[in-house]
Amino acid sequence: MTQQCDARLPQARVKLADYTTWRVGGAAEWLAEPASLEETQAWIEWAAHQGMPCRVIGAGSNLLIHDDGLPGLSLCLRKLQGLQLDATTGTVEVLAGEPIPSLARRAARAGLHGLEWSVGIPGTAGGAAVMNAGAQGGCTAEWLESVRVMPMEGGNCFELQRDQLDFAYRHSRLQDDNLVVLSARFRLQPGHDPDELKRVTTANLSHRTTTQPYQQPSCGSVFRNPEPLKAGRLIEEQGLKGTRIGGAEISTVHANFIVNTGDAEAKDIAQLIQLVQDRIEAEHGIRLHPEVKRLGFASAA
């Protein structure tokens with residue numbers, strides 16, 4: 001244990017709705033917001049020493065947290081920011097809490113091609129690695145070289161290379177292993193025109209903000225696309241746009257988004273997800289799988 005964590009406790013009974021982009025969720029029993037790798041490792045070890053569960057929250061953009069909240073320690077990594085890039089080699093070293101949009105813009109300004117597609121993703125570098133985040137034909141797995149991780153129960157840090165991460169569509173082994181991503185290394189293409197990269201990046205962001213409900217709280221896309229079909233198209237064809245349960249609504253802008261109209265609870269969103277799954281399965285025999293990670297729920301089906 002470090003003196004830092006011996007000297008103080010994490011915050012108690014913190015409302016997690018303030019830490020998710022859906023703006024729903026109960027309270028964390030304990031919450032810590034480390035701003036350095038040393039603090040992050042210390043809090044993980046603190047939770048392990050206390051014998052309590054530890055869950056990671058990044059930008060909270062791909063999470064549905066139960067209305068009853070979460071026991072143990074919720075570790076919010078959004079303050080764990082920082083990146084170093086080498087414009088000559090294309091190597092980018094980034095801490096897990098660095099926002100994807102800022103990473104994309106910094107890379108573009110340095111003439112590094114590879115992340116222009118990611119500028120509209122409201123997540124973190126660590127979350128992108130875990131989920132193999134993607135958009136507009138690009139995905140994290142194409143450009144990620146390695147991640148540095150730590151066991152959730154404490155212990156030594158170690159590195160996992162891309163070929164060890166079992167990447168697939170919106171999936172990596174990090175979703176199944178009990179590991180915390182501390183940092184990531186990307187290998188981008190150097191030598192490109194920064195002005196052109198900035199133009200493409202800006203155009204990609206403009207496209208996303210005009211075709212998706214960015215003015216309302218959401219988690220981004222709710223369901224994985226059952227390739228070659230598109231989840232949003234299937235949902236829209238069922239006439240489900242605008243369907244509400246409580247304060248949760250299937251967006252009228254993009255059917256693969258569920259938005260909080262102002263007073264939604266996690267249970268409303270969970271029921272709306274279930275409704276969509278049941279309707280699409282009954283009509284097409286396809287079970288849509290959520291991209292969103294559920295915390296505190298008995299089932300993630």
(message) Which of Met150, Met131 has the fewest other C-beta atoms within 10 Å, and how do the rest follow up to the most?
(response) Met150, Met131
(message) Skipping prolines and chain starts, which residues have an amide H placed within reach, meaning under 5 Å, of the one on Arg294, given they are 5 or more residues away or on another chain?
(response) Leu64
(message) Neighbour counts of other C-beta atoms within 10 Å: give me Met52, Met152 arranged from fewest to most.
(response) Met52, Met152
(request) Normalise the Debye intensity by I(0) for the chain, one equal point scatterer per Cα, no solvent, then take log10 at q = 0.11 Å⁻¹ and round to two decimals. (result) -0.68
(request) Could you work out the longest stretch of the chain that avoids the trypsin sites (Lys or Arg not before Pro) located in DSSP loops with at most 12 other Cβ atoms within 10 Å? (result) 9-286
(message) Can you tell me, using C-alpha contacts under 8 Å and at least 6 residues apart, the relative contact order of the chain as a whole percent?
(response) 17
(request) For an R0 of 41 angstrom, estimate the FRET efficiency from the Cβ-Cβ distance between Arg199 and Met52 and round to the nearest 0.05. (result) 0.25
(request) For Asp263 paired with Thr209, estimate the spin-label separation in nm (one decimal), with each label point 7 Å from Cα along the Cα-to-Cβ line. (result) 3.1
(request) Per residue of the stretch 54-66, in order, report the coupling 6.51 cos²θ - 1.76 cosθ + 1.60 (Karplus, θ = phi - 60°) as ³J(HN,Hα) in whole Hz, putting x for Gly and Pro. (result) 10, 10, 9, 10, x, 7, x, 8, 9, 10, 10, 9, 4
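Any chance you could run the full-extension gain for Asn156 through Glu142? It's 0.36 nm times the residue separation minus the Cα-Cα distance, nm to one decimal. Walk me through the numbers before you get to the answer.
Working: separation 14, 0.36 × 14 = 5.04 nm, distance 2.74 nm.
Separation in residues times 0.36 nm, less the Cα-Cα distance, equals 2.3 nm.
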(message) With unit charges on the beta carbons (Lys and Arg positive, Asp and Glu negative) and the dipole taken about the Cα centre of the chain, which residue among Met52, Ala248, Phe223 sits farthest to the positive side?
(response) Ala248
(request) Enumerate the amide H contacts of Asp177 below 5 Å, restricted to partners 5 or more residues apart or on another chain; note that Pro and chain-start residues carry no placed amide H. (result) none
(message) Just want the ordering: Ile280, Ile269, from fewest to most Cβ atoms lying within 10 Å of their own Cβ.
(response) Ile280, Ile269
(request) Give Lys79/Lys198; Lys198/Lys267; Lys230/Lys267; Lys198/Lys241; Lys79/Lys230 a once-over and call out the pairs whose C-alpha atoms are over 29 Å from each other. (result) Lys198/Lys267; Lys198/Lys241; Lys79/Lys230
(request) Could you list which residues have their amide H under 5 Å from that of Gly82, counting only those 5 or more apart in sequence or on another chain, with H placed in the peptide plane? (result) Leu95, Glu98
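Once fully extended, how much extra length lies between Ser102 and Lys241, figured as 0.36 nm per residue of separation less the alpha-carbon to alpha-carbon distance?
Full-extension gain reported as 46.9 nm.
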(request) As a check on your grasp of the helix formula, calculate [θ] at 222 nm for the chain: sum -39500 (n - 2.57) over DSSP H runs of n ≥ 4, divide by the residue count, round to the nearest 500. (result) -8000 deg cm²/dmol
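Just so you know, all these numbers are worked out from the coordinates, no wet-lab data involved. Worth saying up front: this structure is predicted, and the values here are computed from it rather than measured. Note that each Cβ is placed from the backbone with ideal geometry, even for glycine, and that neighbours are counted across all protein chains shown.
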